[in-house]
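For reference, the structure discussed in these notes is given below.
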Amino acid sequence: MAKGINKERIVAAALELLDEKGMDALTVRALAARLDVQAPALYWHVRNKQELLDEMSTFVMRRVTDALSKIPPGAGWRANLADYGRILRMEYLRHRDGARIFSGTRFSDPDVVKAKEAWLARFMAAGFTLVDADDAIDVVTAFVVGFVIEEQERVQSEETAPGRYSTAGRDAWLGEGADLIKAVGRLPDDRHARFERHLDIVLDGLAARLHR
């Protein structure tokens, strides 16, 4: 085992590498080079890239659960789920490709998983069945993951290829007709406001299911 290498240091270095070069450049070999060790030294702590992603997503989710633990009960299920969605997005946005590291991962800290218990209880107290309470959390999670993946890809594309999403260029490419599509493309597009609108639509659907 390489001296001075532990799981916490590996995760910290992996997040730094992710922020600098993105998900596709995050490899065990590249991480080992950053830590100035041979790749086999990392296998004492993470057996492969998937386990590395598990640890990284657990680190991010631990910050989410810490923030959620400070939200007192009483605001209602809708406000709680909205807060969850906003906190999750905020934490993903702290890292380049932050949402991508979450997809398909398994948390390695049981305390992170057990933090969901109190939230399931809150939603069941509001009238959700256990299945619907679990689905509500999963639906908001899936929405945020998808939204942030698209959001981050677009921001990064605009940085590397300015004009890629030019409205004028798109209108010219579309040619004649498609007036409504062109009009939509010219609407003000604040990604934070768009997130709130889309989150509201998701919560409206959950409210309709609860009261059907």
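The values are calculated or read from the model by the stated rules, or taken from the named source; none is laboratory data. Since the model is a prediction, treat every value here as computed from it, not as a measurement. Glycine also receives a Cβ, built like all others from the backbone with ideal geometry; neighbour counts cover every protein chain displayed. Surface accessibility is based on the protein's heavy atoms, side chains included, excluding ligands, DNA and RNA. Shrake-Rupley method; radii C 1.70, N 1.55, O 1.52, S 1.80 Å.
Structural remarks
- Residue list for region 165-212, restricted to those being free of Cβ contacts under 8 Å to residues at least 40 places away in the same chain, open to solvent by 100 Å² or more (accessible area, probe 1.4 Å), over 24 Å from residue 94 (Cα atoms) and of a type in the set (Lys, Arg): 170, 186, 212
- Test: residue in region 113-125 that is open to solvent by less than 60 Å² (accessible area, probe 1.4 Å), closer than 30 Å to residue 51 by Cβ, outside any loop (DSSP other than H, G, I, E, B) and touching a residue at least 12 places away in the same chain (Cβ under 8 Å): yes
- Of the residues making up region 74-107, those that are aliphatic (A, V, I, L, M) and in a helix (DSSP H, G or I) are 79, 81, 82, 87, 88, 90, 93.
- Scanning region 24-66 for residues that are over 12 Å from residue 108 (Cβ atoms), of a type in the set (Gly, Ala, Ser) and in contact (Cβ under 8 Å) with a residue 24 or more places away in the chain returns a single hit, 41.
- Residues being among the polar types (S, T, N, Q) and either outside any helix (DSSP H, G or I) or open to solvent by 40 Å² or more (accessible area, probe 1.4 Å) (or both) - total across region 16-66: 4
- Residues in region 144-179 that are in contact with a helix residue (DSSP H, G or I) (Cβ under 7 Å, 6 or more places away or on another chain) and among the β-branched types (Val, Ile, Thr) were compared, and the one that is nearest to residue 201 (Cα to Cα) is 144.
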